[in-house]
Each structure stands twice: as structure tokens, then as C-alpha cells.
Amino acid sequence: MALLRALQQSLEPAVVVDVFARRLHEHYGVEGVAFDHPEHGCNWGTASRPAFATRLQLDDTALGRLALYRQRAFDARERSELDVLAELLAQPLHNAVRHASLQKQAFEDGLTRLLNRQALDRMLPRELAAAERQGHELAVVMIDLDFLKPINDLWGHAAGDRALQTVAEAINAALRQSDLAFRVGGDEFLLLLPATGATGAATVVARIRQALARMAAQPDSVPHPGMQGDTLAFSAGIAVSAPGVTAEQLVQQADQAMYRAKRAGRNRDRTAAPPRVRHHATPDFTADRAAARLARR
């Protein structure tokens with residue numbers, strides 16, 4: 001019962017598996033635990049040879065495969081006990097997986113599978129605060145697809161949707177694991193690039209363009225009446241964090257830079273000018289100090 005109460009303390013699948021694995025490590029010498037799930041797979045410890053594996057199921061719902069790793073095999077008594085413990089894990093893990101799936105749906109754009117505007121509103125202030133604490137820059141990149149309307153008009157909205165999905169795929173191909181990508185409007189995307197300045201952000205934008213060019217060569221690519229043959233074109237604006245600049249101001253700077261790119265001919269990027277930092281003159285307290293000295297005489 002103590003284990004069940006511990007498993008029910010969290011609604012994060014990784015935490016539930018961690019609590020379960022640590023208890024098995026303490027009592028059975030388990031060296032590694034793996035929970036295989038299409039969306040919420042978790043690993044703990046070291047994977048060697050699977051000494052025990054079972055399919056977790058709650059009523060008629062299949063949860064995934066649980067594997068335990070240990071150098072020596074489990075005996076019959078241990079395997080019987082592990083079957084009972086696996087059944088005990090099923091309900092808390094089912095609750096955690098369901099909660100995680102609902103959270104993912106709430107913060108995921110259904111068409112592109114990128115994060116959505118609601119997720120941006122929560123994550124941008126956090127990322128900006130982290131950058132300030134660590135003394136790093138945070139680059140924001142606003143991307144707007146050029147000529148989406150002609151795609152919809154000429155080939156239909158299904159082709160337009162595929163164009164947006166293609167841009168999302170190119171973005172994912174260009175980003176690091178620490179970067180975040182959002183779809184914030186119909187054909188607008190926003191990137192958060194931690195520990196990245198203007199030059200690094202421009203490099204990311206160039207990688208996205210290269211990825212789109214590679215995708216354009218594929219047989220199922222979206223036909224596009226844009227500026228570079230069949231390659232999807234987009235305009236991008238880059239802004240970099242600075243002391244005193246709020247999250248809203250940072251996004252606004254990137255947005256304005258993106259519109260400058262459009263006015264300059266589209267299919268290019270522009271970087272927002274660094275904000276001006278006002279240097280206040282150091283107050284001169286010489287007269288005050290002299291008056292204080294006179295008063296003490």
C-alpha cells in the first residue's frame with residue numbers, strides 16, 4: 001500500500017516509473033526499467049538483458065510494455081511478485097499517461113504537431129527568465145510563409161495544409177533539442193532559441209531554407225508559385241533578448257523585423273536592431289559631502 005500511495009503522488013509518467021524503478025532497485029536489485037509507449041516512453045537506469053517483461057493492461061486498455069533489466073535472472077518467486085507489482089503499477093501509470101496526453105493535446109497544434117500559441121504564452125516568460133538568470137541570450141524568430149494564398153487558390157486548402165506541414169518538418173529538421181517551435185497563427189511560426197544570438201539565429205533560418213529546398217526535390221512536394229522554383233518561401237524576423245526587454249517586446253521586435261523582410265522583397269530575413277540602453281549620468285554628491293563635513297565641524 002505504501003508503494004501504491006507513492007505511485008499516486010505524481011501525474012508525470014517519468015516520475016511514476018522512477019518511483020517504481022527505485023523501489024524495485026532497492027528490493028530486487030533491478031538495474032534498469034523501460035516503459036515502452038508510443039507517446040510517453042520512459043527509461044530508468046541501465047539497459048542490459050531483459051530479465052522480466054510484461055504487457056501492462058488496465059481492464060481492456062493496453063498501456064505498453066514494461067521491461068526490467070538485471071544481470072541475473074529472476075527466480076519463480078520473484079517473477080510472481082513482479083507480476084503483482086506490475087498490476088499495481090497499471091492504474092497510476094494509466095492516470096499519468098492519460099494526463100500527459102491531455103496536456104499534450106492542449107499545447108499542440110493539431111495540423112503541424114508543433115507547440116501552439118497557448119504553449120508559447122506559458123513557455124516564453126520562463127525561457128526569458130532562464131536566459132537572464134544564466135546570462136545567456138535568447139533569440140526569437142518569427143516566420144511567415146510567403147504566398148500561401150496562391151497555393152490555396154490554385155491547388156486547394158489541402159495543398160495549403162501540406163505546405164504548412166512541410167515548413168514544420170523543415171523547422172524540426174533544423175532545430176536543436178533545446179530549441180522550441182510554435183505555430184502561432186495561420187501561416188506564422190515562432191522559434192525560441194536558447195543561448196543563441198543574432199548570427200546563430202540566422203544560421204538556423206538558413207538551415208530551414210536548405211531543408212525546404214531538399215524537400216522540394218521530393219516527388220510528393222507541394223507545387224508552389226513562389227520565388228525559387230518549387231521551393232516554399234518564407235520571410236523571417238529575428239530579435240535577441242537584452243536586459244529590460246519583456247517577452248511581449250521581444251516578440252514585437254521579431255514581428256516587425258519579419259515585416260521588414262517582406263517589404264524588402266520576401267523570402268529573406270531581417271534582424272531587429274538591439275534596443276538602446278540608456279546610460280544615466282552618475283550623480284555628483286561632492287557638494288553634499290562638503291556640506292556634511294561643514295555640519296560636523
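Counting charges near LEU4 (Lys, Arg +1; Asp, Glu -1) among other residues having Cβ under 14 Å from its Cβ returns a value of +1.
Of ALA96, ALA261, ALA201, which is the most mobile in a GNM of the chain whose springs link Cα atoms less than 10 angstrom apart? Its mean-square fluctuation being the largest, the pick is ALA96. Maximal additional length on extending the GLN118-GLU81 stretch stands at 8.9 nm, based on 0.36 nm per residue less the C-alpha distance.
With θ taken as phi - 60° and the Karplus curve 6.51 cos²θ - 1.76 cosθ + 1.60 applied, the whole-hertz 3J(HN,Hα) list for segment 198-206 is 5, 5, x, 5, 4, 5, 4, 4, 5 Hz, x standing for glycine and proline. Between the Cα long axis of helix 13-28 and the first principal axis of the chain there is an angle of about 40°, rounded to the nearest 10.
Within the accessible area of segment 68-205, the carbon and sulfur atoms contribute 50%, probe 1.4 Å, all protein chains present.
Phi angles of segment 135-143 translate, via the Karplus equation with coefficients 6.51, -1.76, 1.60 and θ = phi - 60°, into HN-Hα couplings of x, 9, 8, 10, 9, 10, 10, 9, 10 Hz per residue; Gly and Pro are given as x. For the chain, what Kirkwood radius comes out of the mean inverse Cα-Cα distance, in Å? Value: 23.2 Å, from the Cα pair sum. For segment 71-165, the residue among LEU148, ALA130, GLY160 whose Cα projects farthest onto the positive side of the dipole built from Cβ charges is ALA130. Remark: segment 252-267, residue by residue, has Karplus-estimated 3J(HN,Hα) of 4, 4, 5, 5, 5, 5, 5, 5, 5, 5, 5, 5, 7, x, 6, 6 Hz, where x stands for each Gly or Pro and the curve is 6.51 cos²θ - 1.76 cosθ + 1.60 at θ = phi - 60°. Annotation: amide H-H contacts under 5 Å for GLU137 (H modelled 1.01 Å from N, sequence separation of 5 or more, or interchain): ALA195, THR196.
Counting only DSSP H runs of at least 4 residues, each contributing -39500 (n - 2.57), and dividing by the residue count of the chain, the helix-based mean residue ellipticity at 222 nm comes to -16000 deg cm²/dmol.
In the elastic network of the chain, a GNM with C-alpha springs shorter than 10 Å, the most mobile of LEU68, LEU164, LEU250 is LEU68. Reported value for segment 1-131: 143 Å³ per residue, from the convex hull of its C-alpha atoms.
Neighbours of THR112, meaning other residues whose beta-carbon lies under 12 angstrom from its beta-carbon, give a summed charge of -3 when Lys and Arg score +1 and Asp and Glu score -1.
The values are calculated or read from the model by the stated rules, or taken from the named source; none is laboratory data. Here the structure is a predicted model, which means the values were calculated and not measured. A quick note on method: Cβ atoms are made from the backbone with ideal geometry, for glycine too, and the neighbour counts reach across all protein chains shown. Accessible surface areas use protein heavy atoms only, side chains included; no ligands, DNA or RNA. Shrake-Rupley method; radii C 1.70, N 1.55, O 1.52, S 1.80 Å.
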